[in-house]
Amino acid sequence: MNVVVLKNWSANYTYNAQRLHHPRSIDELRDVVTRANTLRALGSRHSFNSIADSTEDLVSLDNLNRVIALDAARRTVTVEAGIKYGDLAVYLNRENFALPNLASLPHISVAGACATGTHGSGVAVGNLATGVVAMELVNANGEVIECSREKNGNEFDGMVVGLGAFGIVTKLTLEVIPAFVVQQDLYENLPFANVQTDFEAIEASAYSVSLFTTWRGETFEQVWLKRVVTQGKMETPPTFFGATRATLPLHPIVSISPESCTEQLGVPGAWHERLPHFKMEFTPSSGEELQSEYFVAREHAPAALQALARVREQFSHLVQISEVRTIAADNLWMSECYERASAAIHFTWVKNWDAVRAVLPLIEQQLAPFDARPHWGKLFTMSPARLQSLYPKMNEFRALLKAYDPRGKFRNEFVDTNIFQSHSA
């Protein structure tokens, strides 16, 4: 246990917890949970809000970070919750397996990413949590509970994106697929007008597509295409929907060196060395940023982008970079992509919370007609009532939380405000 002043990755949030525990075994964790009055699990600290905080105790599973078992026949891998995607990916690739997708950063923990609905990109690929088929957690009484899609049925769909409120997740079993090769090609200056007319074709043109804009002109300044390679190297056409092929490596924020970025310019490589935007061995930036992200139904993406473009002069001066990606629909109750194929509009802001907080209501107002859901781990100002209305299974989720944690040991201000406010606890 450590008593420390602890901040998140960007240092925009200071945790209020009095104690931070680093158990080295499940028995140690069970003891911590049993003794605690309120407790939350802390992942890799890449959330930008208070979702992982506690007024009393935090527990880090950074010591519980092993691969437990790879079942080649069932195509699953079981890992301890503290493992990071970058480390898991290296292991899986060595065994000729892969995960279907990875987020931009391989530095994030598996359990934390799944609990908040974190995602990669691809019209046919769900967020990271969709790969979870079983979980082990320690409940409020210190008991180890095993849950799975096979055992718990539809209830399991309510637990995977659990916001850390069911217990301390200790193990996850994920689906895996055969390892594959990816080629990453970049294009520059995709006309905004072409995104309006050809959004579906653009997003379906590769396994993973990212569109980057600063909102300061009439283009998406960069397009990152990640294409699966089955044989040799694929041809990279000189143009792409009006954009031109990049001839030098790029960082999404052009003022930053691309050294930390995964290899570009059409060089094929292993899936885990191309699907993320950043290399595991590099810190992608100094953390001098804030982040927000909103998810709309994919068919509404062009209209949503147009709505933001109409007011861009009111917020573009605060944008370092904005990224648009697509994610397949899923059935996870608290997933931002629940029951709708989605487009995610991500903002990397300058690190000025007062200024960003002032423009977020404008962003949310423009996206309100499209029922935009904010990312659970990023910054938003949406009211709890509005947020709750966006999740059809919210009532069932509340009931499930109460069933698993009736005294609210794993709840915090974030959960109480955004899930239970205006409802009896």
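Every number in this text was worked out from the coordinates using simple rules, so none of it is lab data. None of these values were measured; they are calculated from a predicted model. Because the Cβ atoms are built from the backbone with ideal geometry, glycine has one as well, and the counts that use them run over all protein chains shown.
Cα centroid separation, region 220-254 to region 357-424: 37 Å.
Across region 249-263, coupling constants 3J(HN,Hα) worked out from phi with the 6.51/-1.76/1.60 Karplus curve, θ = phi - 60°, read x, 9, 9, x, 9, 5, 6, 9, 4, x, 3, 7, 8, 5, 5 Hz, and Gly and Pro carry x. Per-residue ellipticity at 222 nm from helix content only, as computed over the chain with -39500 (n - 2.57) for each DSSP H run of at least four residues, stands at -6000 deg cm²/dmol. How much net charge surrounds Ser208 when only other residues with a Cβ under 11 Å from its Cβ are counted (Lys, Arg +1; Asp, Glu -1)? Taking every Cβ under 11 Å from that of Ser208, the sum is +3. Here the mean projected area of the convex hull built on the C-alpha positions of region 191-233 is 3.3 nm². Fully extending the segment from Leu70 to Ala329, taken as 0.36 nm per residue of separation minus the present Cα-Cα distance, adds 90.5 nm.
Membrane-span-like helices in the chain, defined here as complete DSSP H runs extending at least 27 Å along the helix axis by their C-alpha atoms with mean Kyte-Doolittle hydropathy no lower than 1.0, are absent; this is a sequence and geometry rule, not a statement about a membrane. Between Arg245 and Glu28, the modelled labels are 5.3 nm apart [label points 7 Å from Cα along Cα→Cβ].
By the count of neighbouring beta-carbon atoms within 10 Å, fewest first, Thr230, Thr197, Thr116 end up ordered Thr230, Thr197, Thr116.
Applying the criteria of a DSSP loop state and at most 16 other Cβ atoms within 10 Å to the GluC sites (Glu not before Pro) of region 1-91 yields Glu56. Working ranking of peptides 10-21, 335-346 by packing, defined as the average number of other Cβ atoms within 10 Å per residue, highest first, is 335-346, 10-21. For Glu293, nonlocal amide neighbours, meaning residues 5 or more places apart or on other chains whose placed amide H falls under 5 Å from its own, are Phe347, His375, Leu379.
Given R0 = 25 Å, the distance between the Cβ atoms of Tyr91 and Glu146 translates into a calculated FRET efficiency of 0.65. The fraction of all Cα pairs in region 67-178 landing in successive 5 Å bins from 0 to the largest distance is 2, 12, 24, 27, 20, 11, 4, 1, 0, given as whole percents.
As a proxy for reagent exposure, Phe48, Phe241 were ordered by neighbouring Cβ count within 10 angstrom, fewest first; the result is Phe241, Phe48. Look at the alpha carbon pairs under 8 Å that are at least 6 residues apart: their mean separation over the length of region 137-235 gives a relative contact order of 26 percent.
Report the FRET efficiency, 1/(1 + (r/R0)^6), for Leu265 and Ala303, where r is their Cβ-Cβ distance and R0 is 41 Å, rounded to 0.05. With a Förster radius of 41 Å, E is 0.75. Here Ile177, Ile327 are placed in order of increasing Cβ neighbour count within 10 Å, fewest first, which gives Ile177, Ile327.
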